[in-house]
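Every read-out reported here was derived from the displayed coordinates using simple, explicitly stated rules and does not represent laboratory data. Quantities reported herein were computed from a predicted structural model and do not represent experimental measurements. No Cβ is skipped: glycine too gets one built from the backbone with ideal geometry, and neighbour counts run over all protein chains shown.
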Amino acid sequence: MTVLLGKSANIGHIIRYGFISLVFAAVSLASVTAHARYASIVVEHETGKVLHAVNADTRNYPASLTKMMTIYLAFEAVRKGQLTMDRKLTVSARAAGARPSKLGLKKGETITVRDAILALITKSANDVAVVVAESIAGTERKFGRLMTKKARELGMKRTNFRNASGLPNRRQLSTARDMSILARKLLADFPGQYQLFSTKQFEFNGRKFRNHNSLLIDYPGADGMKTGYTRASGYNLVVSATRNGRRIIGVVFGGKSARARNSHMRRLLNRSFAKLTPSKPKTGPVAKQAPKKPTAAPSAAIAMSVPKPLRKPSTPRLQNTGGKAGWSIQVGAFKAKAPARRAAKRAARQLSGKHRGTRVLILPTKMGNELIYRARLVGLSQNSATEACRRLKSRRVSCVPVPPQRGDTKS
């Protein structure tokens with residue numbers, strides 16, 4: 001600049017040149033930011049195998065995908081006995097003042113834990129997210145710290161949370177890979193509650209709210225997870241879907257529109273399912289072996305997990321509708337054996353006469369430092385497990401089909 005001035009350069013030309021340079025720099029930076037915002041990953045649920053990944057470890061704004069962690073901690077609070085699904089939570093002034101999307105709750109109003117979770121899943125209600133956060137941790141700021149701590153425990157190494165809703169915060173960041181980890185944990189840790197994510201419509205105070213996740217309607221096999229959007233994040237989506245007994249989880253960050261994001265997710269899921277096809281026959285031996293183990297000398301784990309009362313003739317026995325009977329259904333996970341037993345027996349009674357030949361199993365499982373008891377009905381085929389869950393869900397009973405798994409042949 002000094003040299004040019006010394007040569008009597010045109011100051012107007014210099015200013016124009018500098019301005020144009022700044023414009024090009026800004027355009028270039030904007031392009032880089034927009035490009036970096038896109039990320040995606042598809043993983044197989046059971047194994048964690050990555051079937052597709054682009055920018056999977058790039059940190060982005062999760063937007064309302066954040067609510068998946070809020071829901072995880074709500075499920076955990078119920079399992080620990082801190083909350084119950086029917087407990088009424090009181091709305092604070094801060095919660096009532098949250099920015100949309102929201103239910104429009106008023107200060108002093110109440111909402112049950114169940115309705116709160118459904119509002120988070122379907123409407124993605126920010127006011128409800130604050131209600132849940134304050135009910136569990138006292139304040140949303142403290143809840144944000146609990147969210148980040150839980151993220152580290154689950155293996156989400158590049159995620160930081162600052163609020164329960166996903167409203168813009170420059171320090172609230174996550175990655176596609178971390179969100180796939182959270183999705184897998186929701187499925188694995190809360191199989192009985194996961195079915196809430198498949199809710200297509202939620203009614204509260206006389207108003208009906210449709211689930212923002214349209215893939216539940218138009219993608220075969222899709223049964224849940226979450227959408228998200230802010231200007232800074234773009235259109236985000238996590239989807240879980242099953243096909244031929246295999247479950248995969250897809251994550252997309254930074255879609256340009258909801259329609260473009262959804263179309264892209266469908267393509268990713270289709271391609272990923274196609275990659276699983278060659279390995280499908282390998283599941284055969286596992287399915288054949290699963291029902292045989294209990295008929296031989298039962299292992300100590302099986303003997304411990306099936307209480308004697310469940311073996312009495314009065315326990316309803318269910319009919320297997322045909323096929324390889326290596327599947328089971330899970331109707332809940334509990335802190336104690338007694339409620340798990342009651343839930344399993346109640347589900348068995350409701351299915352009595354329809355699926356004979358299936359037995360009840362209470363499966364103790366170590367979750368961190370806790371022991372939980374999974375209530376299952378085992379010895380079903382894939383078709384009969386799907387049908388049994390359909391019937392139970394129609395009666396508002398939590399249920400999820402469980403395919404044969406390596407290392408879990410007890411069920």
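A few comments on the model shown:
- Nearest-0.05 FRET efficiency for Lys49 and Arg114, computed from C-beta distance (R0 25 Å): 0.15
- FRET efficiency estimate (nearest 0.05) - Cβ-Cβ, Lys208 to Ala188, R0 35 angstrom: 0.65
- Full extension of the chain between Thr90 and Arg170 yields a length gain of 25.9 nm, computed as 0.36 nm times the residue separation minus the alpha carbon distance.
- Residues with amide H under 5 Å from that of Ser101, placed H, sequence gap 5 or more: Asn126
- Length released on extending from Ala260 to Asp57, taking residue separation times 0.36 nm less the Cα-Cα span: 70.9 nm
- Shape category assigned to region 107-151 from the gyration tensor of Cα positions, a/c cut at 1.5: oblate
- With an a/c value of 1.5 or above and a/b larger than b/c for the gyration tensor axes a ≥ b ≥ c computed over the alpha-carbon atoms, region 38-277 is described as prolate.
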